[in-house]
1. In which sequence would 84, 27 go, from the one with the fewest C-beta neighbours within 10 Å to the one with the most?
2. What distance in nm separates the simple spin-label points at residue 16 and residue 80, each placed 7 Å from Cα in the Cβ direction?
3. Stretched out fully, how many nm does the piece from residue 108 to residue 38 gain, at 0.36 nm a residue minus the Cα gap?
4. Residue separation times 0.36 nm, minus the C-alpha to C-alpha distance between residue 45 and residue 120: what's the value?
5. Go through 29-35, 71-77 and give me the packing order, highest mean Cβ count within 10 Å leading.
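Bear in mind these aren't lab numbers, they're just calculated from the coordinates by the rules spelled out. Because the structure is a prediction, the values reported are computed rather than measured. A quick note on method: Cβ atoms are made from the backbone with ideal geometry, for glycine too, and the neighbour counts reach across all protein chains shown.
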């Protein structure tokens, strides 16, 4: 019996590349192999949340104790993290957040630039 929804292909074999206004360039958002942070996604989120003390809290925390942020960045073809942007309430903030290199994303066997966005909530105590 054949199932019409099964094509026999990896569902991410087709890569998606889009122009990103935040980074003012084309980046991939879907690839056959996404970038990998050493230790996986949970290690990446842990690293980012541990190092967000480098962001100017006073600017993002105007009305309360907790603030929602989105940290977006591009993992380049060589695995280097570039163009880190911290967005809070539609404002892009200056930051000095440094993120270690990744194993780069691949599209059909070639390394490509890939956009990652991580939502986080910062609560001051």
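1. Working: 84 15, 27 22.
Ranked by crowding around the Cβ, least crowded first: 84, 27.
2. Label-label distance for residue 16 and residue 80, simple model: 2.8 nm.
3. Once the chain is fully extended between residue 108 and residue 38, it gains 23.0 nm.
4. Extending this stretch completely gives an extra 26.1 nm.
5. Details: 29-35: 19.0, 71-77: 20.9.
Going from most to least packed, we get 71-77, 29-35.
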